[in-house]
1. So which of K151, K112, K118 ends up being of a type in the set (K, R), in a strand (DSSP E or B) and either touching a Lys or Arg at 6+ places or on another chain (Cβ under 9 Å) or in contact (Cβ under 8 Å) with a residue 12 or more places away in the chain (or both)?
2. Among residues belonging to region 91-127 that are polar (S, T, N, Q) and farther than 19 Å from L14 by Cβ, point out the one that is surrounded by the most Cβ atoms within 10 Å (Cβ to Cβ).
3. Can you say whether N397 is modelled with pLDDT of 60 or more and farther than 27 Å from T271 by Cβ, as far as the supplied structure shows?
4. State the number of residues belonging to region 36-72 that are polar (S, T, N, Q) and at pLDDT below 85.
5. Just name the residue that is farthest from the chain's Cα centre (by Cα) out of those in region 262-275 that are more than 15 Å from L340 (Cβ to Cβ) and touching a residue at least 40 places away in the same chain (Cβ under 8 Å).
6. Here are some conditions: (1) at pLDDT 85 or above; (2) in the same structural domain as E172 (by TED's automatic domain parsing). M291 meets all but one. Which one does it not meet?
7. When residues of region 164-186 are filtered for being on the phi < 0 side of the Ramachandran plot and either surrounded by fewer than 18 Cβ atoms within 10 Å (Cβ to Cβ) or at pLDDT 90 or above (or both), how many remain?
8. What about E103, is it free of Cβ contacts under 8 Å to residues at least 40 places away in the same chain, more than 24 Å from T148 (Cα to Cα), in the same structural domain as A32 (by TED's automatic domain parsing) and in a loop (DSSP other than H, G, I, E, B)?
Amino acid sequence: MDLQNKKVVQSNTLIKAIAKMDALPLKLFELAVANVDTKEKDPEVELEKDLIRTFLPRTNALRHDYLQTIMTNLMDKSTFTVKYTKENGKKKTEIFAPFSKIEFSEDESTVKLSFSNKIMPYITELKKNFTQYRIEDLRHFTSSNTITIYKVLMMYYNQYTNYIANGKRTKEELESFLNPVIDVSELKALTVQGKKSYDRFSDLKKRVIEPAIKEINEHTEFNITYDTIRVGRKIAKIQFHISNNSTEKLIGELTAEKKLSLSDVQNSPYTALLLGAMIVNFADANNESLMMSLGENVYPKYDVFVNKHSLDDLQKHLKYVKDHMNSKPNELDKYLIKALDDFEKNKGKYAKRDKSKLKQKEKLPDWAKDDTAQKNILTEKGIQRSKEIDELLEKINKDTSD
C-alpha cells in the first residue's frame, strides 16, 4: 500500500482529546483511521500484517505472539478522554475505547479491527472542524507525545490552509494559525500520563517538548520552533511556529490576490442570521460600507465562535442582542463585537434580569399601613375642615346682616 498520499482525517474534538496509549498502539490506531471508508461508514477495517510491520520499531518480525501482545495493549490500555461544557454550563467528561473488537489468525495475512460505536462519529461524520495529515509522517515517531503534538499543530495548520484558500482571513489572522499559542496546562493534559507530572517546566521541555519537535522536524516536511510566554515569573504558555517550504510564499501571494468582496459578505450565512434577527434589513445588506465592515471585522469572530460553540448558539446570541438593542448603533460592527466579547466573558450565560435594580414603588409611610390610624387621621382632617367651613359661613352671615 502506498502511504505517501494516504491521509488520516479526524474530528478536531478527537484531536484535542486526551489519548491514553503508548506510541505503537497510537500509530496503529492512526493507521486504521487512515483506512476507514468514510462514505460507507463501515466500522470494520482490515490491515495487512506487512503494513503493520512497517510501523514496528527496528524489527521486521511479526510473530503471532508479538502481534497478540500489541493488539492486547491496543484493546486493554487505550482510551480517549473528551471533555466539554454542556448547554447548562456544566462540565462533562466522556472516556471511551477506540475499538470494540480485534481479530487475527496465524494463517491469515490481515488483522481486522472494529471501531467502537462511540468513536465512529469522530472519524466519519466530518462536515466541519476536522483535521487531516499524512499517515506516512507518523511512521518514524517513537513517542506518543510526538504524535499528539504533531496532530494538534496540524489542526492549526489545516485551518491556515483552509482559510488561505478561500481568502477570508487577513494576513495577521493567517499568521496566527501558523503561530498558535497553547497553555502549558493544556499541553500537559494532552501529553503527560501516569505518575509523571513535570511540575517544573524545564522537565516538560526536556522530556516532552524538545524530543517531539526534534522528531517532527526530522521526519516530516515541517519545521517547528517555539517560544515561551511568561505570566509574572511563571511560564504559562507556549507559542509554536509552524513552517514549511510553501507557507511564507502562500501568505505573501494569496492574501494579496484574494480580497473579500461585497458579494462574499452578502452570501455569508452570518448575513442571513443578522437579517433573520432583524439586526440588519435588506437596505443595509446593499450598503457596501456597512456590510464590508461586518465582513472584515465581525464575521471572522463569528467563525471562531461557531467553531467553539455552534451556529445555533450564534443564532440565539443574535436574538438576545436584538432583544436588548434600543436602537441601531452608528457603528454596528463595534457594537456586535462588544456583544460577542460580553458573551464570552460571561461564559455564554446571559445575565438574568437583576431584580434589585427594578424600579421600586414609593414606600408608603407607616401610618398608611394601619387602617385604623388612617381613618383617625382622615376624621381629624374632616373635623378641622368642617370648623373652617362653619367659620366661613358665620362670617358671610354677619356681613349680610350688616
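The values are calculated or read from the model by the stated rules, or taken from the named source; none is laboratory data. As the structure is a prediction and not an experimental result, all values here were calculated from the model. Cβ sites come from the backbone with ideal geometry, for glycine too, and all protein chains shown count toward neighbours.
1. Being of a type in the set (K, R), in a strand (DSSP E or B) and either touching a Lys or Arg at 6+ places or on another chain (Cβ under 9 Å) or in contact (Cβ under 8 Å) with a residue 12 or more places away in the chain (or both) holds for just one of K151, K112, K118, which is K112.
2. As a first pass, look at region 91-127 and keep what is polar (S, T, N, Q): 93, 100, 105, 109-110, 114, 116-117, 124.
Imposing the further condition that a residue be farther than 19 Å from L14 by Cβ reduces the set to 105, 109-110.
Numbers: S105: 10, S109: 10, T110: 16.
Filtering region 91-127 for residues that are polar (S, T, N, Q) and farther than 19 Å from L14 by Cβ, the one surrounded by the most Cβ atoms within 10 Å (Cβ to Cβ) comes out as T110.
3. Values: modelled with pLDDT of 60 or more: yes; farther than 27 Å from T271 by Cβ: yes.
It is true that N397 is modelled with pLDDT of 60 or more and farther than 27 Å from T271 by Cβ.
4. The first filter runs over region 36-72 and keeps only residues polar (S, T, N, Q), leaving 38, 54, 59-60, 68-69, 72.
Pick out the ones that are also at pLDDT below 85 and you get 38, 54, 59-60.
Count: 4.
5. Looking only at region 262-275, we keep the residues that are more than 15 Å from L340 (Cβ to Cβ), and these are 262-269, 271-272, 275.
Filter again for touching a residue at least 40 places away in the same chain (Cβ under 8 Å), leaving 264, 269.
Numbers: D264: 24, P269: 19 Å.
Of everything passing the filter in region 262-275, D264 is farthest from the chain's Cα centre (by Cα).
6. (2) is the only condition that M291 fails.
7. Of all residues in region 164-186, those on the phi < 0 side of the Ramachandran plot come to 164-166, 168-186.
Filter once more, keeping what is either surrounded by fewer than 18 Cβ atoms within 10 Å (Cβ to Cβ) or at pLDDT 90 or above (or both): 165-166, 170-173, 175-176, 179-186.
Looking only at that region, the number is 16.
8. Values: free of Cβ contacts under 8 Å to residues at least 40 places away in the same chain: yes; more than 24 Å from T148 (Cα to Cα): yes; in the same structural domain as A32 (by TED's automatic domain parsing): yes; in a loop (DSSP other than H, G, I, E, B): no.
No.
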